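> Below is the structure I would like to discuss, written out as structure tokens.
Any read-out appearing in this document is the output of simple, stated calculations on the displayed coordinates, not a laboratory observation. Since we're looking at a predicted model, the values are computed, not measured. Here the Cβ is made from the backbone with ideal geometry for all residues, glycine too, and neighbour counts use every protein chain on show.
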């Protein structure tokens, strides 16, 4: 009989990189937080890049390493579709962290006729959905199952009661406690088996409760029962409908008291909500969740609006997707409002002359985003870089902008302010000609073959340059290099153009 603590650990390697870059394979890339590497690609690890390294050390190992900032919120959001996919075939999945989820084994193994068969079925589902790098471990608890998933096989099953034998040869670094692992290594204890062989009472006396817990894990006593972590019950509110409500306005009207109750609970805690998750349960008992951010803080009307917009998007999606008539969307039976991020209310008191944020603008843009999709409305920010295409960062509305390159760092060859208001992605071909109608060239010393007389079919009023710009000269292909000019035509249009390989391209246009 399968133990009630047997679990499947479903692991997607290098998930932060997949969330940031898309499906593998990836070029050598590292994600950095607080100037340290938190994730790196397999191609980067081949050159000695490791998690925990300082940024400078990692770049010293591989000069061509691409470095990006780590965005944990993006990891969470990108993993939600995977969780929904798992939930459709194996209800009860518990998120441990983005890229890792666990499922109780009993029901799933019984349905598929065994743990290995169930693991294979889950892998087939994930592979069909495009997650062919997924790994599964099956063991007596989440800790052992996760380490089993890190094995070389797509699905590794640790027999019941054999966790200690499986863990014994693994290094003490698998406990993910650098301080304890370093001390044990200095004491001559290098494996989990060696740590487990120490006397439990002496370990508790020397390392305290946390050390005792890690000692038990090393010995295979992983007794945690996976259960979803509930949000703070003091702040969460829910409402159920009988019968189900199908109309958007009906649901919005019925949920108003629930939104007021959330705000009252926040007021009692002297807090405000800056991020909320809304769970809509339909009459088929499917739960549709979405997280919403606010530039300041939510009030009751904001929460009702989010419920309405989320329901409108759900109804529109259901109308587009052909489904079995027996499972057609019929209405909403429950709404749950879960504050995710809260802040001290004192930080959000209006100033002497009112709030700086235009709430009407936020409501309008959020409504448009609901209709167009999450990436349908974006805000622009400027990052570091030499080329305009690298400096432009577009972030979905409501999210915090994360610049992939620090704009404060020196970027030799970059364009000084002001930057063009319009950036061409990709750069568009453009003609820059002399008075004789010939394309202008630039020699190796950066000299023009003739003064610019026409650009894009218009006459030239003024021009400046050229200025050389080069990037990644050490690359095998010579990197990207060229010469820039600023040109004003007789139609009062100001262009930023560059010449590379004998051809002219428009990077941007001033307004």
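> Cut-off is 10 Å between beta-carbons; in what order do 103, 86 appear when sorted fewest neighbours first?
Working: 103 25, 86 21.
Listed from fewest to most nearby Cβ atoms, that is 86, 103.
> Further question on the same structure: Can you bin segment 417-510 into rounded, prolate or oblate? Criterion: square roots of the alpha carbon gyration tensor eigenvalues sorted a ≥ b ≥ c, rounded for a/c under 1.5, prolate for a/b above b/c, oblate for the rest. Could you put the intermediate results ahead of the total?
Values: a/c = 1.97, a/b = 1.32, b/c = 1.49.
Oblate shape, in that a/c is at least 1.5 and b/c is the bigger or equal ratio.
> May I pose another question? Efficiency by 1/(1 + (r/R0)^6): what FRET value for residue 341 and residue 421, r their Cβ-Cβ distance, R0 = 30 Å, to the nearest 0.05?
The calculated FRET efficiency here is 0.35.
> Rounded to the nearest 0.05, what FRET efficiency do residue 365 and residue 88 give with R0 = 30 Å and r taken as the Cβ-Cβ distance? Could you check? Mind showing how you got there, number by number?
On the way: r = 32 Å, r/R0 = 1.07.
Step by step, r from the Cβ atoms, then E = 0.40.
> Still on this model: Once the piece of chain linking residue 61 and residue 116 is laid out straight, how much longer is it, given 0.36 nm per residue of separation minus the C-alpha distance between them? Before the final figure, lay out the partial values.
Numbers: separation 55, 0.36 × 55 = 19.80 nm, distance 4.00 nm.
Difference between extended and current length: 15.8 nm.
> I would also like to ask the following. In Å and on Cα atoms, what radius of gyration and Dmax does segment 1-147 show?
In Å, with Rg to one decimal and Dmax whole: 16.9, 54.
> Here's something else I'd like to know. Compute the distance in nm between two label points, each set 7 Å from the Cα along the Cα-to-Cβ direction, one at residue 185 and one at residue 493.
Between residue 185 and residue 493, the simple spin-label model gives 6.1 nm.
> Using the count of nearby Cβ atoms within 10 Å as a rough guide to exposure, how do 75, 205, 279 rank from fewest to most? If you can, show how the numbers build up before the last one.
Details: 75 20, 205 11, 279 16.
The order, fewest Cβ neighbours first, is 205, 279, 75.
> Roughly what % of Cα-Cα distances in segment 163-218 sit above 16 Å, to the whole percent? Numbers along the way, then the final one.
On the way: 469 of 1540 pairs.
Distances greater than 16 Å cover 30 percent of the Cα pairs.
> Give, in nm to one decimal, the length gained when the segment between residue 76 and residue 481 is fully stretched (0.36 nm per residue of separation minus the Cα-Cα distance).
Details: separation 405, 0.36 × 405 = 145.80 nm, distance 3.77 nm.
Between residue 76 and residue 481, full extension yields 142.0 nm more.
> Mind ranking 305-311, 419-425, 259-265 by how tightly packed they are, going by the mean number of other C-beta atoms within 10 angstrom, highest first?
Working: 305-311: 22.1, 419-425: 14.9, 259-265: 18.4.
Averaged packing, sorted descending, gives the order 305-311, 259-265, 419-425.
> Right, another one. How far is the Cα center of segment 27-57 from the Cα center of segment 478-508, in Å?
Here the answer is 35 Å between Cα centres.
> Here is a follow-up. Suppose the chain between residue 428 and residue 461 were pulled fully straight at 0.36 nm per residue; how much longer would it get relative to their current alpha carbon spacing?
Numbers: separation 33, 0.36 × 33 = 11.88 nm, distance 2.13 nm.
Between residue 428 and residue 461, full extension yields an extra 9.7 nm.
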